[in-house]
Structure formats: structure tokens, C-alpha cells
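What follows is a single structure, written as C-alpha cells, with notes after it.
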Amino acid sequence: MPDAITVRVQTDSESFQEVVVKIERPTYNKPFLGGFRNMSTGVEFHNAGSQTKPKKPPDKGIQLFCKETQTIVEKNKRQQTRNTTSTQMTKIGLYVSNMTDKLISPGKYFTAEEYHKRRLEAVIVIQKYFRRWYAINLVQNLMEQKRLRLAREAQEALRKEREKEEKLRREYERKLNPKTKEDFELLYHDLELWMQEETEQINRTLTGAERKAALCALLEEETELIACIGMQKLNASVENQQKAILHLLEFYKLFLKCAQPRRWKACDGKITEMDTQNTLRGKELLELYRSISTTDIPKDERTAVLLTLKCTVKEHECKLTKEIVALIDREVDLMSREVKECNLEGLRKRICTLFLQYVKIPEFNPGVAGLLKVPRDPLKLYKNVYFCHSCENYLPSTEFPIPANSRTIGRCRSCYQLENEARQRESYLKYRLILENLRKSEVNYQDDAKIVFLVQLPDLQYMIENIWNCQSALSACSDLYDLVMVRWDKQHEWSPWNTILLTEEEADAHLKLSNLEKTYEAPFINRIKQKHIRAKSYFAQIHAMSSFLHQSNNQANANAYKKHNSLK
């Protein structure tokens, strides 16, 4: 085949054109695609293939291999094994030794029933050993559970004992070093208990003049103890006054946090801090008071502190600032004359006291306005300030303990406390702890509980003493430190007619119950409902709780109607 051929192509009916066609040589051998052969002439014809070069697949950078599938060809063919065996017996001309031969005799024949019986006996033996193994494991597991339970109970009992000892130790420490009103309540309560015991013993053992003499001696001893308690109260009042002063100066940090810089978190996670004018002013006054109240510092440092204080108070012209400036000049003059430090203590206390009054004025210290019990504006006195007819003082509403069934403003807390110390000498700490725990538990429910915050301490004391008899409804435990009040039906809000007095462990188990009627017996439920009815009758006269009582009655009627229909 030449590299080029000339082809004549007809372009029109009468015209022709010669075209040169180049022949491209294939770079590969064309595959055989089959064909056929003419039987008469013997000529072979092959199937033609395209001259176009096949498209080459793109290179993926991976070396590929073709894998052919080979089918195995099976054939069945008989053949003889190479190891041939034979049996040779003794015959004439041949001796075969029988030393290694064995004599086999038939055994005892047993039927199918005997066979199954033997199988059953074997199964019974296997079951006995399995049950023995299972029983041993079960007993070991029960013993392990018992050991863990006893260890847990012992640990819990030890924890309770330690908590009780710690509680008694704290109570003893509070009685030994009383600081607060509750501490002195405990002291007066113990004094009253001691007086009752001594009086009973004197009345039981003595008579006539000896009895009167013993009672007079007891009265003198009680007077001495009351005087000692009074001295401790004076010492505690001095310490509390100092704490109140520092508490007032640190009002930014403790209450409004104005002394700390304002902080906020940006979108990139960085925290930005900013000091305002009020925070800077509060920090300045706080550090200045600490500096002037510090003792045992050199004279030059004291003089520098007094000059700083003088420049600070001179910013506002008034009678108080003029008096502070005069006292500062007097102290500087006395220090220049080498006056002893002990002779300057009174003057320095006057400066601290006047500066404290300066700090309390909102015009000089704007942040203190929110901490003052009596507002500076006289018009605000008519809103939340009431008159106590016992001590004849005007006090804010927070100083008056108002029971839920009260209709008028009675005496203030100080008058109630004074009467308690003089007559009843009762300790309300246990009732206060029960009320605080109750309010905390109701807040955790997050169902907008309201009634628990309307109940005051005298109302709770009446419920515990007169309705629940100061003991648990289940175990009759009378230790008020271990008792708590929880909901009788946890699906509804706490109220005096939806409560029960239990120990902490009993309360935890009670709140886990889903159906009270199936758990408790009918007499116990009826006894609890009777206590709820007594609580309703006590709180029914309160106007603030009348709406809650109506709601509870309507809900109870609806539940009873549903239960009646379900029984039908």
C-alpha cells in the first residue's frame, strides 16, 4: 500500500475532481474480529474493523492491571490406590503367629429404655452439679451485696454521727462565743431550761424556809448569768459595729459590685473591663478609710494620709467637712509637737467617725444611697416606714415580723426579741432552718411557687408545734434538726394543706413515690388529711391565701369527680 493514493471524485453531473488521500499507518495490530469462508470457492472473508484509533483513557496516576477469570475444569476418573492390603491365615506350609491377637467377646445387650434411662441419670447428675454451682454463686452474690449494703449503712451512720457531732460542736462554739442574735437566743433558751430543771429539783427536795433560800440563791445566780450574757452582748455589738462599718464601706463589692470594674464578654471571647466614676469613687473612699484607721504607722506616712484626706473632703464645702479639716489640722499640729500616740487615739477616732458620716452621704458617695435604711428623701418615709408602738421608733417594713393571720402592724423585731429574752426565752433557730430548707426546695421545682414565701416563721412554728406535734409523721422522730417539710403531693405546689413533716431520709423516699394511695395505708392517709384540714381552718382567715384555698378546693372537687366516674 503506497503512502498516498489519488481518488477521482464526481463533483457534478459532468465534472470530476481528483483528490490525493494520505494513508495513515496503524501503530498497532488490528484484532481478529471473525469472518466466514465461501464453501464453493474457498475464499475467506474477514470482518472489517474501523481505522480510527481508539480513544486512550485518561491517565489517573495509578498503575492498573487486568485480571483474567479462569474457570477450573473438573474430571472424574477411577484409579487404584497404591497401598494394597491382604489377610493371611495359617495353612499348610505357612505359620502365622497369634501372640498379638485379641479375643473379643460380645457385651451385655441393653434395650432402648435402658439407654434412655442411663441418659436421664446422667442429665440429673449434670443438673445437680450445675444447681450446686449456681446456688454457690447466688449465695456469694447475696453475701457481697449484703456486705456492700452493711458497709454503706455503716458509712452513712458514721456520716450522720459526724454531722451531728459537728452540729453540736458548732452550736457549742456559738454558745461559747456568741456573735449574732440567734447565738444569744440559744444562750437564753439554755438558761431557761437550766432554771426550770433547778426549780423543779428545789421544789421536789426542799420545803419551807430552805426552799425559799434555795430559790433566792438560784435567782441571784440567774442574775449573774444574765449579766455575763449582757457583757458578751456588748462585746459582740462592738465587733458587729466594726463589721458593719467595713460592710458599709465595701457595699460596692458585697451588694452592687460597683467597686469592681464592669465586665462583659465580646464576640471573640475576650473579656473587657471598664471602671465607672462610682466604682473609682468607692475604691478611693474605701482605701482612704482603711489608711486613716490603720495604727502603728510612721509619722510621715500618717501626715501624708491626713493631707490626702483633707484634699478629698475639701471638694465639698459644708459643716461636716469643715469639722474634719479642723480635726486634721489639730492632729498634724499635735504630731509636730511630739505628742504621744496614746493621747491621739480619741482624736483619731473622731476623725474616723466623721469620715464615716461623710461616706454615708449620697451627695459625696452616690453608691451608698441604696444601702440606707431611712432614705434621704422625706417623701419616701410614708411608703415603707412604720411606727412601732412598743419602742416608739420609725422603722422600715422589713423590721416588722408580720404573721400570716395578722391584720395590723405589731411590734418590731427588736421588741419581740427583748420580750423573748425576758419571758419565754425560746430559740427559733430550728424553725428558721426548716423554713429556709423548705424555700430552697420549692425554688428548685421551678414551678412559680408563691405560698411558701407568704408563710412566716410564727406560722411555721404553729404548724410544727400544734398540727404536727414536733415529730415526724412516719417515725415520730422529735429532733427538729433532722426534720424537713416537703410536699405531700409533689405534682402540686407546696401549701400548709399539701405538706408533710418527715426526716431527711424519709423525705427523699417520699418524693420518689408515684402513687401515694398504693404505698401508704388508708388510716395513715386519713390522718394526714385531717392535719391538712386543720391547716386550712387556720389559714382560711388570711385574705392573701383565700384565693389559693379556693383553687385547691376546686381542684380537689375535680379530682374526686374524675375518680367517681372512673369507678363507675
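The values are calculated or read from the model by the stated rules, or taken from the named source; none is laboratory data. These numbers come from a predicted model, not from an experiment. Positions of Cβ are generated from backbone atoms using ideal geometry, with glycine treated the same way; all protein chains shown enter the neighbour counts. What goes into the accessible areas is simple: the full protein's heavy atoms, side chains included, and nothing from ligands, DNA or RNA. Shrake-Rupley method; radii C 1.70, N 1.55, O 1.52, S 1.80 Å.
List of remarks:
- Protein-only accessible surface at a 1.4 angstrom probe places the residues Thr180, Thr90 in the order Thr90, Thr180, largest first.
- Note on Leu225 and Thr180: with the Förster distance fixed at 22 Å, the Cβ-Cβ geometry gives a FRET efficiency of about 0.70.
- Multiplying the residue separation of Arg169 and Glu315 by 0.36 nm and subtracting their alpha-carbon distance yields 47.3 nm.
- Carbon and sulfur %, accessible surface of the stretch 254-372 computed with the full protein complex present, 1.4 Å: 53 percent
- In terms of distances greater than 19 angstrom between alpha carbons, the cross-link table entries Lys299/Lys349; Lys450/Lys529; Lys164/Lys243 yield Lys450/Lys529; Lys164/Lys243.
- Heavy atoms of Cys415 accessible to a 1.4 Å probe, total area in Å² rounded to 10: 20 Å²
- Here Lys146 is the anchor, and the aspartates and glutamates within straight C-alpha reach of less than 19 Å, apart from those fewer than 8 places off in the same chain, are Glu156.
- Surface composition of the stretch 81-190: carbon and sulfur make up 58 percent of the accessible area, probe 1.4 Å.
- Accessible area in the full protein assembly, largest first, 1.4 Å probe, for Phe65, Phe36, Phe184: Phe65, Phe36, Phe184
- Ordering of 140-152, 440-452, 484-496 by burial proxy (mean other Cβ atoms within 10 Å per residue, highest first): 484-496, 440-452, 140-152
- Debye-sum result for the stretch 254-372 in log10 I(q)/I(0), which assumes one identical scatterer on each alpha carbon, at q = 0.14, 0.23 Å⁻¹: -0.66, -1.33
- Average projection area in nm² (convex hull over Cα atoms of the stretch 181-243, one quarter of hull surface): 4.2 nm²
- Of the whole protein surface, Thr519 contributes about 70 Å² of accessible area at a 1.4 Å probe radius.
- Where the stretch 181-243 is the region considered: accessible area per residue in Å², 1.4 Å probe: 67 Å²
- Extending 7 Å from Cα along the Cβ direction at Ala135 and again at His116 yields two label points whose distance is 2.9 nm.
- For the pair Lys512 and Cys216 in one chain, pulling the backbone fully straight at 0.36 nm per residue adds 100.8 nm over the alpha carbon distance.
- On a per residue basis, the stretch 410-543 carries 53 Å² of accessible surface, using protein heavy atoms and a 1.4 Å probe.
- Potential lengthening between Asn98 and Lys265 on full extension [0.36 nm per residue; Cα-Cα distance subtracted]: 49.5 nm
- For Glu287 and Val238, the FRET efficiency from 1/(1 + (r/R0)^6), where r spans their Cβ atoms and R0 equals 30 Å, is about 0.80.
- His46 - accessible surface, heavy atoms, 1.4 Å probe, Å² rounded to 10: 120 Å²
- Two-site FRET efficiency, Leu418 against Glu197, from Cβ-Cβ distance with R₀ of 25 Å, rounded to 0.05: 0.50
- Heavy-atom accessible area ranking, 1.4 Å probe, most first, across Leu516, Leu193: Leu193, Leu516
- Simple spin-label estimate for Glu18 and Lys160 gives 12.6 nm between the two label positions (7 Å along the Cα-to-Cβ direction from each Cα).
- Note on the stretch 453-498: Cα convex hull, mean projected area over all directions, 3.5 nm².
- The distance separating the Cα centre of the stretch 176-247 from that of the stretch 264-321 comes to 45 Å.
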